[in-house]
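Shown next, in C-alpha coordinates, is the structure this report addresses.
The values are calculated or read from the model by the stated rules, or taken from the named source; none is laboratory data. Worth saying up front: this structure is predicted, and the values here are computed from it rather than measured. Note that each Cβ is placed from the backbone with ideal geometry, even for glycine, and that neighbours are counted across all protein chains shown.
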Amino acid sequence: MSLRLSKRSLWILGVLAVAQVSVAAPADTSVSVLDAPVATASQSRRIVAVGDIHGAFDELTSILQETGLIDEELRWSGGDAIFVQTGDFTDRGPNVRRCMDLLMRLQQEAPDAGGEAIVLLANHEVMNLVSAVRDVALVEYAAFVDDDSARRQDEAFEGWAEIRAQRARAAGDPEPPLGDDVRAAWEVQYPLGYSERMDAFGPQGTYGRWLRELPTAARIGDILFMHAGVSPALADRTVDQINEQVWTETGLFDDVKAEMVNRDLITPNAKIEEIVAIAHTELGRILAASDRASGAASNDREARFAESLQLVANVSRWQLLDENGFLWFRGWAMWTDADQDVVAEVLGRQGVSHIVVAHTTQLDGTIKARFTGGVFLIDTGMLTAHYGGRPSALEIVDGRFTAIYVGERVELFRQGALPTSRRRTLVLKTNVAQNAAVTKAQRQAPAKSR
(Lines give C-alpha, C1' and ligand atoms only; values in the text may rest on other atoms or scores of the structure.)
Protein backbone atom coordinates (compact mmCIF):
# COMPACT_ATOMS: atom_id res chain seq x y z
CA MET A 1 0.00 0.00 0.00
CA SER A 2 1.23 3.50 -0.76
CA LEU A 3 -0.02 6.54 1.12
CA ARG A 4 -1.53 9.24 -1.09
CA LEU A 5 -0.54 12.78 -0.12
CA SER A 6 -3.38 15.21 0.50
CA LYS A 7 -3.80 18.31 -1.64
CA ARG A 8 -2.94 20.34 1.46
CA SER A 9 0.44 18.63 1.81
CA LEU A 10 1.26 19.14 -1.85
CA TRP A 11 0.38 22.79 -1.46
CA ILE A 12 2.60 23.09 1.60
CA LEU A 13 5.62 21.79 -0.18
CA GLY A 14 4.93 23.00 -3.69
CA VAL A 15 6.96 20.00 -4.82
CA LEU A 16 4.76 18.85 -7.67
CA ALA A 17 3.15 22.22 -8.24
CA VAL A 18 6.54 23.81 -8.90
CA ALA A 19 7.31 21.33 -11.66
CA GLN A 20 3.89 21.18 -13.29
CA VAL A 21 1.89 24.29 -12.50
CA SER A 22 2.64 27.89 -13.36
CA VAL A 23 1.71 30.17 -10.49
CA ALA A 24 -0.24 32.90 -12.21
CA ALA A 25 0.18 35.54 -9.53
CA PRO A 26 1.10 39.07 -10.59
CA ALA A 27 4.57 40.38 -9.91
CA ASP A 28 4.90 41.80 -6.41
CA THR A 29 4.68 45.57 -6.44
CA SER A 30 5.59 46.28 -2.84
CA VAL A 31 8.88 47.93 -2.06
CA SER A 32 9.69 45.58 0.79
CA VAL A 33 8.31 42.66 2.73
CA LEU A 34 9.05 44.66 5.86
CA ASP A 35 7.50 47.69 7.48
CA ALA A 36 8.36 51.37 6.98
CA PRO A 37 10.71 53.12 6.42
CA VAL A 38 11.66 50.78 3.57
CA ALA A 39 8.10 50.57 2.32
CA THR A 40 8.11 54.29 1.57
CA ALA A 41 11.74 54.63 0.57
CA SER A 42 12.73 56.12 -2.75
CA GLN A 43 15.53 54.81 -4.89
CA SER A 44 17.63 57.76 -3.72
CA ARG A 45 18.08 56.24 -0.29
CA ARG A 46 21.45 54.61 0.14
CA ILE A 47 21.42 50.82 0.10
CA VAL A 48 24.39 48.72 1.22
CA ALA A 49 24.30 44.96 0.59
CA VAL A 50 26.72 42.44 2.10
CA GLY A 51 26.98 38.80 1.04
CA ASP A 52 28.16 35.61 2.72
CA ILE A 53 29.79 36.05 6.14
CA HIS A 54 30.13 32.51 7.54
CA GLY A 55 31.19 33.59 11.01
CA ALA A 56 33.87 36.03 9.82
CA PHE A 57 33.18 38.62 12.51
CA ASP A 58 36.31 40.74 12.10
CA GLU A 59 35.89 40.90 8.33
CA LEU A 60 32.22 41.80 8.71
CA THR A 61 32.87 44.65 11.11
CA SER A 62 35.71 45.94 8.94
CA ILE A 63 33.48 46.30 5.87
CA LEU A 64 30.59 47.75 7.86
CA GLN A 65 32.95 50.37 9.23
CA GLU A 66 34.36 51.01 5.76
CA THR A 67 30.84 51.71 4.48
CA GLY A 68 30.05 53.89 7.48
CA LEU A 69 27.21 51.69 8.71
CA ILE A 70 28.80 51.16 12.14
CA ASP A 71 31.25 53.15 14.24
CA GLU A 72 34.30 52.09 16.21
CA GLU A 73 32.06 50.81 19.00
CA LEU A 74 30.17 48.70 16.43
CA ARG A 75 27.01 50.77 16.84
CA TRP A 76 24.78 51.83 13.96
CA SER A 77 26.09 54.99 12.32
CA GLY A 78 24.49 54.63 8.89
CA GLY A 79 21.75 57.21 9.32
CA ASP A 80 18.77 56.44 7.08
CA ALA A 81 20.66 53.89 4.98
CA ILE A 82 19.18 50.47 4.23
CA PHE A 83 21.52 47.62 5.07
CA VAL A 84 20.76 44.27 3.40
CA GLN A 85 22.61 41.14 4.45
CA THR A 86 21.82 38.28 2.06
CA GLY A 87 22.32 35.40 4.48
CA ASP A 88 24.92 32.68 5.03
CA PHE A 89 26.23 34.18 8.24
CA THR A 90 26.18 30.74 9.86
CA ASP A 91 28.50 27.69 9.50
CA ARG A 92 32.18 27.19 8.71
CA GLY A 93 33.61 30.15 10.59
CA PRO A 94 34.47 30.56 14.29
CA ASN A 95 32.32 33.55 15.26
CA VAL A 96 28.81 32.81 14.05
CA ARG A 97 27.24 33.71 17.37
CA ARG A 98 28.95 37.11 17.47
CA CYS A 99 27.83 37.80 13.91
CA MET A 100 24.22 36.95 14.75
CA ASP A 101 24.30 39.09 17.87
CA LEU A 102 25.59 42.04 15.84
CA LEU A 103 23.01 41.62 13.07
CA MET A 104 20.19 41.33 15.59
CA ARG A 105 21.37 44.46 17.38
CA LEU A 106 21.68 46.48 14.17
CA GLN A 107 18.09 45.56 13.32
CA GLN A 108 17.11 47.24 16.59
CA GLU A 109 19.41 50.27 16.32
CA ALA A 110 18.99 51.28 12.68
CA PRO A 111 15.33 52.42 12.90
CA ASP A 112 16.19 54.89 15.65
CA ALA A 113 18.26 56.79 13.06
CA GLY A 114 15.72 56.35 10.26
CA GLY A 115 17.55 53.41 8.73
CA GLU A 116 16.84 49.72 8.41
CA ALA A 117 18.79 46.47 8.62
CA ILE A 118 17.26 43.66 6.56
CA VAL A 119 18.71 40.20 7.17
CA LEU A 120 17.75 37.39 4.78
CA LEU A 121 17.65 33.65 5.23
CA ALA A 122 20.04 31.55 3.15
CA ASN A 123 20.71 27.86 2.69
CA HIS A 124 23.10 27.57 5.63
CA GLU A 125 20.68 29.18 8.07
CA VAL A 126 17.91 26.86 6.93
CA MET A 127 20.24 23.88 7.20
CA ASN A 128 20.67 24.68 10.87
CA LEU A 129 16.92 25.03 11.33
CA VAL A 130 16.36 21.52 9.96
CA SER A 131 19.19 19.98 12.01
CA ALA A 132 21.64 19.73 9.10
CA VAL A 133 24.73 20.72 11.07
CA ARG A 134 27.55 19.13 9.09
CA ASP A 135 29.17 22.52 8.38
CA VAL A 136 29.14 23.84 11.95
CA ALA A 137 32.70 24.52 13.14
CA LEU A 138 33.63 22.68 16.34
CA VAL A 139 34.71 25.96 17.90
CA GLU A 140 31.17 27.22 17.41
CA TYR A 141 29.81 24.60 19.79
CA ALA A 142 32.31 25.82 22.37
CA ALA A 143 30.67 29.26 22.19
CA PHE A 144 27.53 27.73 23.72
CA VAL A 145 29.20 25.81 26.56
CA ASP A 146 28.17 26.84 30.09
CA ASP A 147 28.54 25.49 33.62
CA ASP A 148 25.70 23.03 33.05
CA SER A 149 26.94 21.59 29.78
CA ALA A 150 28.56 18.43 31.21
CA ARG A 151 25.33 17.44 32.95
CA ARG A 152 23.29 18.12 29.82
CA GLN A 153 25.67 16.06 27.72
CA ASP A 154 25.27 13.13 30.12
CA GLU A 155 21.49 13.40 29.92
CA ALA A 156 21.60 13.63 26.13
CA PHE A 157 23.71 10.49 25.91
CA GLU A 158 21.38 8.61 28.24
CA GLY A 159 18.38 9.65 26.14
CA TRP A 160 20.10 8.58 22.95
CA ALA A 161 21.10 5.23 24.45
CA GLU A 162 17.56 4.52 25.67
CA ILE A 163 16.00 5.23 22.28
CA ARG A 164 18.64 3.06 20.61
CA ALA A 165 17.77 0.23 23.02
CA GLN A 166 14.05 0.70 22.33
CA ARG A 167 14.65 0.31 18.61
CA ALA A 168 16.58 -2.89 19.18
CA ARG A 169 13.84 -4.34 21.39
CA ALA A 170 11.14 -3.41 18.88
CA ALA A 171 13.09 -5.24 16.19
CA GLY A 172 13.59 -8.28 18.42
CA ASP A 173 17.35 -7.71 18.57
CA PRO A 174 19.59 -7.74 21.65
CA GLU A 175 20.28 -4.36 23.18
CA PRO A 176 23.48 -2.84 21.78
CA PRO A 177 26.46 -2.44 24.12
CA LEU A 178 27.28 0.86 25.80
CA GLY A 179 31.02 0.72 26.44
CA ASP A 180 33.43 3.63 26.73
CA ASP A 181 34.20 3.39 23.04
CA VAL A 182 30.53 3.96 22.20
CA ARG A 183 30.40 7.01 24.46
CA ALA A 184 33.62 8.39 22.97
CA ALA A 185 32.32 7.98 19.41
CA TRP A 186 29.03 9.62 20.39
CA GLU A 187 30.83 12.61 21.91
CA VAL A 188 32.62 13.22 18.62
CA GLN A 189 29.22 13.69 17.01
CA TYR A 190 27.66 15.53 19.95
CA PRO A 191 30.39 17.58 21.68
CA LEU A 192 29.95 19.85 24.68
CA GLY A 193 27.76 22.76 23.68
CA TYR A 194 25.87 20.76 21.03
CA SER A 195 22.66 20.50 23.06
CA GLU A 196 22.79 24.17 24.01
CA ARG A 197 23.30 25.23 20.42
CA MET A 198 20.46 23.02 19.18
CA ASP A 199 18.17 24.59 21.78
CA ALA A 200 19.30 28.09 20.81
CA PHE A 201 18.47 27.38 17.16
CA GLY A 202 15.22 25.61 18.00
CA PRO A 203 11.72 27.09 17.62
CA GLN A 204 11.83 28.53 21.15
CA GLY A 205 15.52 29.48 21.19
CA THR A 206 16.88 33.01 21.03
CA TYR A 207 18.39 32.56 17.58
CA GLY A 208 15.80 30.07 16.37
CA ARG A 209 12.88 32.46 16.92
CA TRP A 210 14.76 35.24 15.15
CA LEU A 211 15.80 33.09 12.20
CA ARG A 212 12.29 31.75 11.68
CA GLU A 213 11.00 35.29 11.22
CA LEU A 214 13.57 36.35 8.62
CA PRO A 215 12.50 36.66 4.98
CA THR A 216 14.13 34.81 2.10
CA ALA A 217 13.57 37.64 -0.39
CA ALA A 218 13.23 41.41 -0.11
CA ARG A 219 12.43 43.95 -2.77
CA ILE A 220 13.42 47.61 -2.62
CA GLY A 221 12.16 49.63 -5.56
CA ASP A 222 13.13 47.75 -8.72
CA ILE A 223 15.84 45.65 -7.01
CA LEU A 224 15.29 42.11 -5.73
CA PHE A 225 17.60 40.83 -3.00
CA MET A 226 18.01 37.10 -2.35
CA HIS A 227 20.78 34.78 -1.29
CA ALA A 228 20.58 32.42 -4.26
CA GLY A 229 17.81 33.81 -6.45
CA VAL A 230 14.66 32.62 -8.15
CA SER A 231 14.87 30.12 -11.02
CA PRO A 232 12.91 30.44 -14.29
CA ALA A 233 10.57 27.66 -13.11
CA LEU A 234 9.62 29.76 -10.09
CA ALA A 235 9.85 33.22 -11.60
CA ASP A 236 6.14 33.95 -11.15
CA ARG A 237 6.40 33.58 -7.38
CA THR A 238 6.04 36.92 -5.64
CA VAL A 239 8.25 38.00 -2.75
CA ASP A 240 5.42 37.22 -0.34
CA GLN A 241 4.92 33.75 -1.85
CA ILE A 242 8.64 32.98 -1.69
CA ASN A 243 8.84 33.96 1.96
CA GLU A 244 5.63 32.17 2.89
CA GLN A 245 6.82 28.95 1.25
CA VAL A 246 10.02 28.89 3.30
CA TRP A 247 8.26 29.83 6.54
CA THR A 248 5.61 27.16 5.97
CA GLU A 249 8.11 24.41 5.23
CA THR A 250 10.23 25.35 8.24
CA GLY A 251 7.16 25.23 10.47
CA LEU A 252 6.13 21.86 9.05
CA PHE A 253 9.56 20.41 9.73
CA ASP A 254 9.49 21.76 13.29
CA ASP A 255 6.07 20.19 13.89
CA VAL A 256 7.01 16.76 12.54
CA LYS A 257 10.30 16.69 14.44
CA ALA A 258 8.50 17.64 17.66
CA GLU A 259 6.00 14.82 17.13
CA MET A 260 8.82 12.36 16.52
CA VAL A 261 10.48 13.48 19.74
CA ASN A 262 7.20 13.17 21.66
CA ARG A 263 6.83 9.60 20.37
CA ASP A 264 10.38 8.75 21.53
CA LEU A 265 11.46 8.05 17.96
CA ILE A 266 14.36 10.51 18.14
CA THR A 267 16.01 12.81 20.67
CA PRO A 268 15.83 16.62 20.40
CA ASN A 269 19.49 16.50 19.29
CA ALA A 270 18.82 14.27 16.28
CA LYS A 271 20.50 15.33 13.04
CA ILE A 272 18.67 15.45 9.75
CA GLU A 273 20.17 12.18 8.52
CA GLU A 274 18.74 10.34 11.52
CA ILE A 275 15.40 12.16 11.29
CA VAL A 276 14.96 11.13 7.65
CA ALA A 277 16.05 7.53 8.28
CA ILE A 278 13.66 7.11 11.22
CA ALA A 279 10.85 8.75 9.24
CA HIS A 280 11.30 6.07 6.56
CA THR A 281 11.35 3.30 9.18
CA GLU A 282 8.32 4.52 11.09
CA LEU A 283 6.40 5.15 7.89
CA GLY A 284 7.03 1.55 6.88
CA ARG A 285 5.73 0.35 10.25
CA ILE A 286 2.54 2.40 9.97
CA LEU A 287 1.89 1.29 6.41
CA ALA A 288 2.47 -2.34 7.35
CA ALA A 289 -0.05 -1.99 10.18
CA SER A 290 -2.44 -0.35 7.73
CA ASP A 291 -2.12 -3.30 5.35
CA ARG A 292 -2.92 -5.70 8.16
CA ALA A 293 -6.03 -3.61 8.86
CA SER A 294 -7.31 -4.19 5.32
CA GLY A 295 -5.93 -1.02 3.82
CA ALA A 296 -7.17 1.47 6.37
CA ALA A 297 -4.82 3.37 8.66
CA SER A 298 -5.33 2.54 12.34
CA ASN A 299 -6.84 5.98 13.04
CA ASP A 300 -6.93 9.48 11.67
CA ARG A 301 -4.06 10.64 13.86
CA GLU A 302 -1.82 7.85 12.60
CA ALA A 303 -2.83 8.62 9.03
CA ARG A 304 -1.91 12.28 9.43
CA PHE A 305 1.35 11.37 11.11
CA ALA A 306 2.19 8.93 8.32
CA GLU A 307 1.53 11.66 5.77
CA SER A 308 3.85 14.01 7.64
CA LEU A 309 6.53 11.32 7.84
CA GLN A 310 6.31 10.80 4.09
CA LEU A 311 6.84 14.50 3.54
CA VAL A 312 9.87 14.60 5.84
CA ALA A 313 11.26 11.43 4.28
CA ASN A 314 11.39 13.46 1.04
CA VAL A 315 12.68 16.68 2.59
CA SER A 316 15.40 16.96 -0.06
CA ARG A 317 12.63 17.90 -2.51
CA TRP A 318 11.41 20.79 -0.39
CA GLN A 319 12.31 24.35 -1.32
CA LEU A 320 14.40 24.42 1.86
CA LEU A 321 16.90 21.94 0.39
CA ASP A 322 16.15 21.62 -3.33
CA GLU A 323 19.24 22.53 -5.36
CA ASN A 324 17.06 24.58 -7.71
CA GLY A 325 15.05 26.14 -4.92
CA PHE A 326 14.97 29.69 -3.61
CA LEU A 327 17.92 29.11 -1.28
CA TRP A 328 20.19 27.04 -3.52
CA PHE A 329 19.79 28.04 -7.20
CA ARG A 330 23.05 29.04 -8.91
CA GLY A 331 21.85 30.08 -12.35
CA TRP A 332 22.44 33.79 -11.85
CA ALA A 333 26.16 33.13 -11.44
CA MET A 334 26.43 30.28 -13.95
CA TRP A 335 24.44 31.56 -16.93
CA THR A 336 26.48 32.77 -19.90
CA ASP A 337 25.94 35.80 -22.12
CA ALA A 338 23.81 33.57 -24.36
CA ASP A 339 21.27 33.43 -21.55
CA GLN A 340 20.56 37.17 -21.65
CA ASP A 341 16.98 36.54 -22.77
CA VAL A 342 16.38 34.17 -19.86
CA VAL A 343 17.69 36.76 -17.42
CA ALA A 344 15.51 39.49 -18.94
CA GLU A 345 12.44 37.24 -18.81
CA VAL A 346 12.90 36.29 -15.16
CA LEU A 347 13.57 39.88 -14.11
CA GLY A 348 10.51 40.97 -16.06
CA ARG A 349 8.29 38.36 -14.46
CA GLN A 350 9.54 39.53 -11.07
CA GLY A 351 8.82 43.13 -12.04
CA VAL A 352 12.36 44.31 -11.26
CA SER A 353 15.34 45.68 -13.18
CA HIS A 354 18.08 44.19 -11.00
CA ILE A 355 18.71 41.23 -8.75
CA VAL A 356 21.44 41.09 -6.08
CA VAL A 357 22.53 37.60 -5.02
CA ALA A 358 25.44 35.93 -3.25
CA HIS A 359 25.83 32.14 -2.70
CA THR A 360 28.45 31.44 -5.40
CA THR A 361 31.88 32.65 -4.28
CA GLN A 362 33.70 34.89 -6.74
CA LEU A 363 37.15 33.34 -6.78
CA ASP A 364 39.03 36.59 -7.37
CA GLY A 365 37.35 38.28 -4.41
CA THR A 366 35.51 40.94 -6.41
CA ILE A 367 31.83 41.78 -6.78
CA LYS A 368 30.57 41.19 -10.31
CA ALA A 369 28.00 43.01 -12.43
CA ARG A 370 26.55 40.83 -15.18
CA PHE A 371 24.02 41.15 -17.97
CA THR A 372 24.33 44.91 -18.36
CA GLY A 373 23.82 45.57 -14.71
CA GLY A 374 20.83 43.27 -14.34
CA VAL A 375 22.63 40.89 -12.00
CA PHE A 376 25.08 41.56 -9.17
CA LEU A 377 27.07 38.75 -7.51
CA ILE A 378 28.27 39.83 -4.06
CA ASP A 379 29.80 36.74 -2.40
CA THR A 380 33.53 37.49 -2.34
CA GLY A 381 34.62 34.83 0.16
CA MET A 382 34.65 37.03 3.26
CA LEU A 383 35.77 34.12 5.45
CA THR A 384 39.34 34.45 4.22
CA ALA A 385 40.65 31.43 6.14
CA HIS A 386 38.29 29.19 4.18
CA TYR A 387 37.80 30.94 0.82
CA GLY A 388 40.84 33.19 0.50
CA GLY A 389 38.62 36.14 -0.44
CA ARG A 390 37.98 39.47 1.23
CA PRO A 391 35.14 41.46 2.78
CA SER A 392 33.06 43.58 0.45
CA ALA A 393 29.80 45.48 0.09
CA LEU A 394 27.65 46.68 -2.79
CA GLU A 395 26.51 50.30 -2.43
CA ILE A 396 23.51 51.52 -4.42
CA VAL A 397 22.77 55.23 -4.56
CA ASP A 398 20.78 57.09 -7.23
CA GLY A 399 21.22 54.31 -9.78
CA ARG A 400 24.96 53.94 -9.18
CA PHE A 401 26.18 50.50 -8.13
CA THR A 402 29.59 50.60 -6.45
CA ALA A 403 31.70 47.78 -5.02
CA ILE A 404 33.32 48.71 -1.72
CA TYR A 405 36.34 46.93 -0.27
CA VAL A 406 38.52 48.00 2.62
CA GLY A 407 40.38 51.01 1.23
CA GLU A 408 38.93 50.72 -2.28
CA ARG A 409 35.80 51.67 -4.25
CA VAL A 410 34.97 50.51 -7.79
CA GLU A 411 31.94 51.75 -9.69
CA LEU A 412 30.37 48.80 -11.46
CA PHE A 413 27.30 50.20 -13.13
CA ARG A 414 25.38 53.44 -13.53
CA GLN A 415 21.86 53.50 -14.86
CA GLY A 416 21.64 55.32 -18.17
CA ALA A 417 25.41 55.35 -18.71
CA LEU A 418 27.61 53.34 -21.05
CA PRO A 419 30.76 51.65 -19.78
CA THR A 420 33.72 53.97 -20.21
CA SER A 421 36.33 52.40 -17.99
CA ARG A 422 37.88 49.05 -17.39
CA ARG A 423 37.10 49.61 -13.72
CA ARG A 424 33.42 49.39 -14.62
CA THR A 425 32.71 45.67 -14.97
CA LEU A 426 29.51 45.43 -16.96
CA VAL A 427 28.69 42.36 -18.92
CA LEU A 428 29.57 39.62 -18.79
CA LYS A 429 31.97 36.99 -19.68
CA THR A 430 33.90 37.80 -16.52
CA ASN A 431 34.42 34.86 -14.21
CA VAL A 432 32.10 32.42 -16.00
CA ALA A 433 34.82 29.78 -16.18
CA GLN A 434 35.82 30.43 -12.56
CA ASN A 435 32.23 30.16 -11.41
CA ALA A 436 31.88 26.88 -13.27
CA ALA A 437 35.01 25.56 -11.57
CA VAL A 438 33.89 26.47 -8.07
CA THR A 439 30.41 25.07 -8.63
CA LYS A 440 31.86 21.79 -9.90
CA ALA A 441 34.00 21.57 -6.78
CA GLN A 442 31.02 22.40 -4.56
CA ARG A 443 28.90 19.75 -6.22
CA GLN A 444 31.58 17.19 -5.58
CA ALA A 445 31.53 18.09 -1.87
CA PRO A 446 29.20 16.21 0.52
CA ALA A 447 25.57 16.77 -0.37
CA LYS A 448 23.89 19.90 0.99
CA SER A 449 27.09 21.27 2.51
CA ARG A 450 27.58 24.09 0.07
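Before moving on, here are some points about what is shown:
- Per the conditions (1) surrounded by fewer than 18 Cβ atoms within 10 Å (Cβ to Cβ); (2) closer than 19 Å to LEU214 by Cβ; (3) in contact (Cβ under 8 Å) with a residue 40 or more places away in the chain, the sole criterion not satisfied by ASP101 is (3).
- One residue stands out among those in the range 116-163 that are assigned to a helix (DSSP H, G or I) and small (Gly, Ala, Ser): the one that is surrounded by the fewest Cβ atoms within 10 Å (Cβ to Cβ), which is ALA150.
- Those residues of the range 304-351 which are free of Cβ contacts under 8 Å to residues at least 60 places away in the same chain, surrounded by 16 or more Cβ atoms within 10 Å (Cβ to Cβ) and of a type in the set (Lys, Arg), in sequence order: none
- Remark: pairs (first residue in the range 165-176, under 17 Å from ASP264 (Cα atoms); second residue among the basic types (Lys, Arg); Cβ separation under 9 Å; 6+ apart in sequence or on different chains) = ALA170/ARG285; GLU175/ARG164; GLU175/ARG169.
- The residues in the range 211-229 that are assigned to a strand (DSSP E or B) and not β-branched (Val, Ile, Thr) can be counted, and the count is 6.
- Residue in the range 104-115 that is closer than 26 Å to VAL312 by Cα and surrounded by 23 or more Cβ atoms within 10 Å (Cβ to Cβ) present: no
- From the options ASP52, ASP71, residue that is modelled with pLDDT of 95 or more, crowded, with 24+ Cβ neighbours inside 10 Å and of a type in the set (Asp, Glu): ASP52
- Evaluating ILE242 against the criteria (1) among the β-branched types (Val, Ile, Thr); (2) touching a residue at least 24 places away in the same chain (Cβ under 8 Å); (3) farther than 30 Å from VAL342 by Cβ leaves one unmet condition, (3).
- One residue from VAL230, VAL188, VAL139 being β-branched (Val, Ile, Thr) and touching a residue at least 60 places away in the same chain (Cβ under 8 Å): VAL230
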